[in-house]
1. Please name all residue pairs, on different chains or six or more residues apart, with Cβ atoms under 7 Å, provided the first residue is in region 275-304 and is open to solvent by less than 20 Å² (accessible area, probe 1.4 Å) and the second residue is of a type in the set (S, T, N, Q).
2. What pairs come up if the first residue lies in region 666-678 and is open to solvent by 20 Å² or more (accessible area, probe 1.4 Å), the second is of a type outside the set (S, T, N, Q), and their beta carbons are under 6 Å apart, counting only those six or more places apart or on different chains?
3. Looking at this structure, is GLU528 within 19 Å of GLN654 (Cβ to Cβ) and among the acidic types (Asp, Glu)?
4. Of everything in region 646-665 that's part of a loop (DSSP other than H, G, I, E, B) and over 18 Å from ALA636 (Cβ atoms), which residue is most open to solvent (accessible area, probe 1.4 Å)?
5. Please state which one of GLY193, GLY152, GLY167 is in contact (Cβ under 8 Å) with a residue 60 or more places away in the chain and within 24 Å of the chain's Cα centre (by Cα).
6. With respect to the numbered conditions (1) outside any strand (DSSP E or B); (2) of a type outside the set (Val, Ile, Thr); (3) under 23 Å from MET132 (Cβ atoms); (4) at pLDDT 95 or above, which one is the sole condition not fulfilled by PHE523?
7. Any residue in region 451-469 that is farther than 20 Å from TYR621 by Cα, in a loop (DSSP other than H, G, I, E, B), open to solvent by less than 10 Å² (accessible area, probe 1.4 Å) and not hydroxyl-bearing (Ser, Thr, Tyr)?
8. Going residue by residue through region 605-625, is there one that turns out to be open to solvent by 40 Å² or more (accessible area, probe 1.4 Å), touching a helix residue (DSSP H, G or I) at 6+ places or on another chain (Cβ under 6 Å) and assigned to a helix (DSSP H, G or I)?
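The values are calculated or read from the model by the stated rules, or taken from the named source; none is laboratory data. If you're wondering where the values come from, they're calculated on a predicted model, not measured in any experiment. As a convention, Cβ positions derive from the backbone with ideal geometry for all residues, glycine included, and neighbour counts pool all protein chains shown. Accessible surface areas use protein heavy atoms only, side chains included; no ligands, DNA or RNA. Shrake-Rupley method; radii C 1.70, N 1.55, O 1.52, S 1.80 Å.
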Amino acid sequence: MNPFFESYGTPHDTVPFDRIRLEHFEEAFMEGIRRDNEQIEKTISNPEKPTFDNTIINTEEDEGYYDLLSRVSTVFFNLLSAETNDEMDALAQKMQPILTQHANDVRLNPRLFERVRYVHLHHRKLTPEEKMLLDNCYEGFVRSGALLDEAGKQKLRELTEEASMLGLQFSQNLLKEQKAFSLDITDEALLDGLPETAREAAALTAKEQGKQGWVFTLDTPSYSPFMTYSTQRELREQLYMARNTVCTHQNSENNLAICQRLINLRREIAQLLGYKTYADYVLRRRMATNSRNVYKLLNDLIDAYKPTALKEREELRKLFNKQRTTADLYGQSEKVRCRPLQDKLMPWDSGFYSHKLQMKKYNIDQEMLRPYFELSKVIDGVFGLANRLYGITFKENSDIPVYHPDVKAYEVFDKDGSFLAVFYADFHPRKGKQGGAWMTEYQGQYIDKKGENVRPHVSVVMNLTKPTENKPALLTLGEVETFLHEFGHSLHGMFANTRFESLSGTNVWWDFVELPSQFMENFAVEKEFLRTFAFHYETGEPLPDELIERIVRSRNFMVATACLRQVSFGLLDMAYYTQREPFTADIIPFEKKAWQKAILGEQLENTCMTVQFSHIMAGGYAAGYYSYKWAEVLDADAFAVFKRHGIFNQEIAQRFRDCILSKGGTEHPMTLYKNFKGSEPTIDALLKRNGIKRDKR
């Protein structure tokens, strides 16, 4: 029997990955659509006057009821990102237009909308949470075209169906292109400069692929160490160009035309709905409110950080000019023949010379720290941090099915011992997994008709350094920060405590969702936190005080350059989605002009970020990438409260949980933030943290 059609019968009703087969998905999708249509027909045929209960809330909350379409969609699309294959990709191509058509059928159903509109106009005595759900429901219909005439609705259907297919194609192309490339090395001399961890990982990858020697890929745990440590400038260039030209080649994975069409489709959708630009449409439901405020944030950051960033760039250039004639820095020896040196700092030099500059100034790098960040200890540290702040505990449960052996499943218990959530952690890169890191859910939190608090099943997916044949997984400090970031999202999901699932956890306005995640990153460089888990994987010795002090001192190394990089992405995003006329420009030159104000180094003719910029093309951040910097202002401001009262202060942590993490999207995000802080945030805490603005003396 199709597992989606029955009670799972697993611990906490978790997804039975071990019983699900590819053929189950399509059957469950189609039955889910049929049930949806049946339920909608019952709702719109109800002779009773429309009310909040009989129209807005699902009336089928009987014992054993579940939303089949939501159940199967959640599993399928989560796996499509974390553990896909050619067969799943083909099924996604088949189902995407069917699912988009069904979503349009619901949102553009005039009889259903009339009931929703009636409730919106005539509601009485709703709680704030019920009012928020009703407003979201009504706005959702309007923003999906419910007020359009029939010709407009038909046009909207065509545009949204095409956009959904192109977004899917974009992601599939990117995954194929990234996984297709490898840098194969058989001459050990070409490994010059690489640390032992990078060599062992590359040897393991070669073995897994049935090759001789060492294999480097575009996955971050492979790419980043090579660009940081390899003395082979020509190979660094080869790897850099491979990563920064993906999906630009003349093949079936080229994303240039797809991006151009997506930009135009979104503009057309927004204008059909009465907005001048897609950014206007998006920002209507964001804290930023409008594009003017977004540009103000980005420009304020440029004004504040660019002078420091220019100094950082000049410092890097001077080091390059001083050392570029030293043969061993370029791998030029009798064994290795490289082409003539270029006379200026190139993009593939930045990581290499940044590392050397960091060593010169602070005598610290990620390889010094890696032995102290063994993955199992980092897990203990992150879980321990949650315990120390909020009193929650984690217990691995091997009886909970998982979709890949890399995945670990945990039961999470609240400080009173009650069950809180299921937590999945998927740590390492593999063939069928998208790059990057993200948090998602297999079940959201809500309170059912009987009053039972249905607890969430939360998952974090990352691409961290893998174990080798000789060593366990040893992480960089940056990977520890990534873990903390995604774990912050998961806490937002696990602490959810709302009545309605669509308002629980991370279902908040997009420029608020990164606050809990970026807030957690602050702990990565706190001595009190590092002391709890950072022990040498062989000797058990704690991370020395001297190294911790170097971490703290080097925290703001190249911080202004990093800030401008994020700002540049925000500028690019806004440039695309503030278009008022048909977008006909060539993507590559347009990109280089759009973000020029925040770019410090060389822009190469054939490189392109847009075609691999999943966030704004296929990931929901279109006209919203500024959110990372917006939320950074919030997270610095919030963490400053903890710094004043103690970073493990449980009273402050409980207030953060009660006012923000547990509330989801039940109130306006600024209201939630002021409930925690007592005032609106300012940029001052961020500038102070980054050393851009210091306390007056």
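1. What qualifies is THR277/THR578; THR277/GLN579; ALA279/SER291; ALA279/THR578; LEU283/THR289; LEU283/ASN290; LEU283/SER291.
2. Between residues of region 666-678 that are open to solvent by 20 Å² or more (accessible area, probe 1.4 Å) and residues that are of a type outside the set (S, T, N, Q), the close pairs are ASN675/CYS659.
3. yes
4. Here the answer is LYS663.
5. Working: GLY193 fails: within 24 Å of the chain's Cα centre (by Cα); GLY152 fails: within 24 Å of the chain's Cα centre (by Cα).
The match here is GLY167.
6. (3)
7. Checking region 451-469: at least one residue is farther than 20 Å from TYR621 by Cα, in a loop (DSSP other than H, G, I, E, B), open to solvent by less than 10 Å² (accessible area, probe 1.4 Å) and not hydroxyl-bearing (Ser, Thr, Tyr).
8. Taking every residue of region 605-625 in turn, none turns out to be open to solvent by 40 Å² or more (accessible area, probe 1.4 Å), touching a helix residue (DSSP H, G or I) at 6+ places or on another chain (Cβ under 6 Å) and assigned to a helix (DSSP H, G or I).
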